[in-house]
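The values are calculated or read from the model by the stated rules, or taken from the named source; none is laboratory data. Note that the coordinates shown come from a computational prediction; the quantities given were computed from them, not determined experimentally. Counting neighbours? That spans all protein chains shown, and the Cβs are built from the backbone with ideal geometry, glycine included. Accessible surface is based on the protein model in full, side chains and every heavy atom, while ligands, DNA and RNA are left aside. Shrake-Rupley method; radii C 1.70, N 1.55, O 1.52, S 1.80 Å.
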Amino acid sequence: MRELTAVKELGAALDPTDDGPSPATRERTVAQFHGPARSGWARLGRTGRVALGGGLAAVATGAVLVSQVVSVGHRPPASQAAAAEVLRAAAAHEAAQPAPPISPDKFVYVESVFSAQESRTTADGTIESTRKAKQRRIWLSVDGTRAGLLLRRPKGSTGAWQRDALPGCKDGRPVGAAGDAGTCTPHPAYQPDLPTRADQMRAYLYRNSHGDNPRDEQAFITAGDLIREAYLSPAQLAAVFGALAEIPGTTMVGATTDEVGRAGVAIAMPEARGARTELIFDPRTHAFLGERTTVVRAVAPFRAGDVVSTRAVLTTAVVDRVSQLP
């Protein structure tokens, strides 16, 4: 089940009827970026990290004032160049982080806050949209062979959590699943063989992109899929951000706040048919804060500038067992 319940309605609204992919294709596109029920960018909101000094530390502060301009000669537009600088600073930030001990029997823990517009069609044909936010805590098996757990409840609530078991997979058979669940393939929360250099990671993203979007946009989406509710080593995550800095089309959006109110600076990868994918970074440390999708062309019930979905990850850690907090 995918978190974004309004995807089908949004897809039909954003897709023009006379050109471009079908609403079903648009549905797959948006759903793919946001991912399945285990969604959210890893390593958001880490505390105790060292801010970069000198020019890089000032990149985001100055770059938020840059608007989209035409390129000069063979140079990219100013907003694209500024976005690349922030991404390179984020890569340097991650490369400087310590790597926790990790082994196949451990679990990746991610705590996040996710919100999305949920739409419904009334009896008179009017489309109504409401935005709902949820807290999430998830434990995922490092090697994918052990059963994990997802907890959800409304944002700000202190009530009981909704619990969803997440089966593991060992020897082709589900672990922790009710009844006869058939065969399966493990989905590890950590892939030790991912590239650790930006050029190799860029090639990996293009090679492993299989969606219906333009090539550069799909590579950007694949990067989000790769690190969403997963653990990447500091070198691997630095390689992802370094690779994104080299993907054409990224632009600076400007100053913003994330789902939990933290100040940030947003970088976007425009989508071709009415929505914009944004990544949010801390303007001082360049730590990654979250992601969101914003409507750029008004179609009822959405207005230009409406946020369709947004996510902020508060904690990412490696723990010994399900339900253990770091």
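Sorting His286, His210 by accessible area puts them as His210, His286; the probe is 1.4 Å, largest comes first, and only protein heavy atoms count.
Annotation for Arg207 and Glu246: the two label points, set 7 Å from Cα along the Cα-Cβ direction, are 1.3 nm apart.
Accessible area ranking (1.4 Å probe, heavy atoms, ligands and nucleic acids excluded), largest first, for Asp306, Asp124, Asp225: Asp124, Asp225, Asp306.
For Lys134, the amide hydrogen comes within under 5 Å of the amide hydrogens of Phe114, Ser115, Lys155, counting only partners 5 or more places away or on other chains and with H modelled in the peptide plane.
How would the range 187-326 be classified by its alpha-carbon gyration tensor: rounded, prolate or oblate, with rounded meaning a/c under 1.5 and the a/b versus b/c comparison settling the rest? Oblate shape, in that a/c is at least 1.5 and b/c is the bigger or equal ratio. Packing order of peptides 94-103, 133-142, 257-266, 231-240, highest average first: 231-240, 133-142, 257-266, 94-103 (average count of other Cβ atoms within 10 Å over each peptide's residues). Look at where the Cα atoms of the range 299-326 and of the range 236-272 average out, and the two centres are 15 Å apart. For the listed peptides 193-199, 246-252, 314-320, 117-123, a ranking on the average number of other beta carbons within 10 Å per residue, highest first, reads 246-252, 314-320, 193-199, 117-123. Over the C-alpha trace of the range 70-203, radius of gyration and Dmax come out as 21.4, 63 angstrom. Expressed as a whole percent, the accessible area of the range 169-228 that falls on carbon and sulfur atoms is 47 (1.4 Å probe).
Looking at the square roots a ≥ b ≥ c of the eigenvalues of the Cα gyration tensor of the range 92-167, which shape do they give, rounded for a/c under 1.5, prolate if a/b is larger than b/c, or oblate? Because a/c hits 1.5 or more and a/b exceeds b/c, the range 92-167 counts as prolate.
Per residue, the range 217-317 exposes 25 Å² of solvent-accessible protein surface, assessed with a 1.4 angstrom probe and all protein chains in place. If you plug the beta carbon distance of Ala255 and Ala165 into 1/(1 + (r/R0)^6) with R0 = 45 Å, you get a FRET efficiency near 0.65. Phi angles across the range 304-310 convert, under the Karplus curve 6.51 cos²θ - 1.76 cosθ + 1.60 with θ = phi - 60°, into 3J(HN,Hα) values of 4, x, 5, 8, 7, 8, 8 Hz, Gly and Pro given as x.
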